[in-house]
Amino acid sequence: MSADALRENIKYMKNMIREIYVFSNQLDVIKNLETGSQVMVDPKEKRLLINAINSLTNQLKILNNSIPKLLQNIGYFRQLPVNLPEVQQQKSQKPQVQKPIQAQPSAAPHKFVKLKYNPQPGKSVSVTITDKDKKEFLENLNKSHLSVGRLKKKYAIERPIASFGKPNSYAKISNHFFRTFSNKLVAKGYFKQLNNNLRRMNSPFVVGTYVSMIFFTILISFLISLAIFGILLFFDVSIFIPFFTLTEEALLLRIAKFFWIIPVIPAGIGLLLYAYPSSEAKNIGTKINYELPFVAIHMAAVATSGVEPISIFKIILKSAEYRYTNIELRKLMNLINFHGKDLVTALKIMAKASPSSKLKELLDGMATSITSGGSIHKFLDKHAESLLFDYRLEREKYTKTSETFMDIYISIVIAAPMILLMLFVIMGSTGALGGFLGLSTQSLSLLIILAIVGLNIGFLVFLQIKQPPL
């Protein structure tokens, strides 16, 4: 019994030492970030890490102190049974009287208690300690579980992966009309670059379906452009009431004037749909680049525990902080788990298909380090420093760009309209404003207001597009 208890205690102590090591390295990374830069880390995370390390250390001391006492109860011999014939014969003989030997006082036997608990669903742990250490051990066990539970809840909890939803109705209709034609074009190799962009942007559509959607959208826009062309043949359109008035121009002149609408609108919409995957892939690559410095720091901290390289990606995937990087890492794990690729081959495949150039460098570097037998921890540590330096430069560049656009905004949207209004007031008082550009005073005022509103909306959209993720 004591040997089994000793074995269980040592096994649990190994797990605690590993957890203390991981938490200590994570705490060192946080301290280095605060010391070497102006980055402020959440104090709650630091407090949770410190509490977890202290409580685990106290538990480790209690289990360590129980080892010598458990060893005292381990015997290496077995008592002979008393029902042997020789023993019965000796009992029948008259015993010889000897002087009693005074027994030496021995130490009181240690009273042990066995504690069983479930740190995780479906996993049971049992430890054996002395009765006097029971209360202290349970208090530290409660503290460690509380701290580790909060850390896992925030950083390492398993979250359900989003499942596929219902089929897209628009895609189904598009395939109904153009699937055969689109598949023929794809088979001839006309849309290889589009296929690569769709994979980089993590599109739910295969290239044949997306091409069918482009053709179907062009068809709809062609019908809409015909309707617009028909309206413009017979009506003049104005932004003022009445919006539509019968035209007095000749029909042939109207046809020559607005015929360009029929080819231009469908062609423009088709080009936009074709270019959208490439633009979205670049956008995702930019977001991955902003997440990557912190991903590399997290990976370097995990690598210090000496785990296998594939376990590093599994731990990163448990965190919900890296939304776009986790999508690429999940593809990496799918190549390994479902397609049977080894880690180095999967890293090289993902590096080629990655929308982020910096993630490509990270994956290529890890593949090279694994192949050459180099230190993954040293590579990730140095690469994280380089990525963090680039991240700071990008933030400074964005700050300077924002200052420049603030000056432009003040000049165009605030100062220029005020000057124009003053000019219009002066011209209106002199009577020179009548018939200016063929517009009345009310029309000019409305145009100025609409221009100011449009400029404000344009600046807000532009800043929102250029703003890096926080």
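Could you please tell me which pairs satisfy a Cβ distance under 6 Å, a separation of 6+ or placement on different chains, a first residue in region 333-350 that is assigned by TED's automatic domain parsing to the domain that holds MET366, and a second residue that is not in a helix (DSSP H, G or I)?
What qualifies is LEU335/LYS341.
Is at least one residue of region 399-419 within 19 Å of the chain's Cα centre (by Cα) and part of a helix (DSSP H, G or I)?
no
Looking only at region 220-258, which residues are farther than 25 Å from PHE177 by Cα and of a type in the set (Val, Ile, Thr)?
Those that are farther than 25 Å from PHE177 by Cα and of a type in the set (Val, Ile, Thr): ILE231, VAL237, ILE239, ILE241, THR245, THR247, ILE255.
Return the total of residues in region 192-224 being surrounded by fewer than 17 Cβ atoms within 10 Å (Cβ to Cβ), closer than 15 Å to SER169 by Cα and touching a Phe, Trp or Tyr at 6+ places or on another chain (Cβ under 9 Å).
The qualifying residues number 1.
Within region 460-468, can one find any residue that is at pLDDT 80 or above and closer than 30 Å to SER279 by Cβ?
Within region 460-468 (the criterion being at pLDDT 80 or above and closer than 30 Å to SER279 by Cβ), the answer is yes, since at least one residue qualifies.
Being under 15 Å from the mean Cα position of the chain (by Cα), hydrophobic (A, V, I, L, M, F, W, C) and either more than 27 Å from ASN283 (Cα to Cα) or surrounded by 14 or more Cβ atoms within 10 Å (Cβ to Cβ) (or both): is that true of MET299 here?
Numbers: under 15 Å from the mean Cα position of the chain (by Cα): yes; hydrophobic (A, V, I, L, M, F, W, C): yes; either more than 27 Å from ASN283 (Cα to Cα) or surrounded by 14 or more Cβ atoms within 10 Å (Cβ to Cβ) (or both): yes.
Judged against the criteria, MET299 is a match.
With the structure loaded, tell me whether LEU343 is more than 14 Å from ARG200 (Cβ to Cβ), surrounded by 14 or more Cβ atoms within 10 Å (Cβ to Cβ) and not small (Gly, Ala, Ser) or whether it fails that test.
It is true that LEU343 is more than 14 Å from ARG200 (Cβ to Cβ), surrounded by 14 or more Cβ atoms within 10 Å (Cβ to Cβ) and not small (Gly, Ala, Ser).
Which residues, counting only those in region 203-261, are touching a residue at least 60 places away in the same chain (Cβ under 8 Å) and either acidic (Asp, Glu) or over 23 Å from SER278 (Cβ atoms) (or both)?
PHE240
Quick one: what pairs do we get from region 448-470, first residue within 26 Å of LEU420 (Cα to Cα), second modelled with pLDDT under 80, C-beta under 6 Å, 6+ apart or different chains?
Note: pairs meeting the criteria are ILE452/PRO417; LEU455/VAL413.
For residues in region 319-377 being small (Gly, Ala, Ser) and assigned to a helix (DSSP H, G or I), which is nearest to ASN289 (Cα to Cα)?
Across region 319-377, the extreme among qualifying residues is SER357.
The values are calculated or read from the model by the stated rules, or taken from the named source; none is laboratory data. Since we're looking at a predicted model, the values are computed, not measured. Cβ coordinates were reconstructed from backbone atoms using ideal geometry, including for glycine residues, and neighbour counts include every protein chain displayed.
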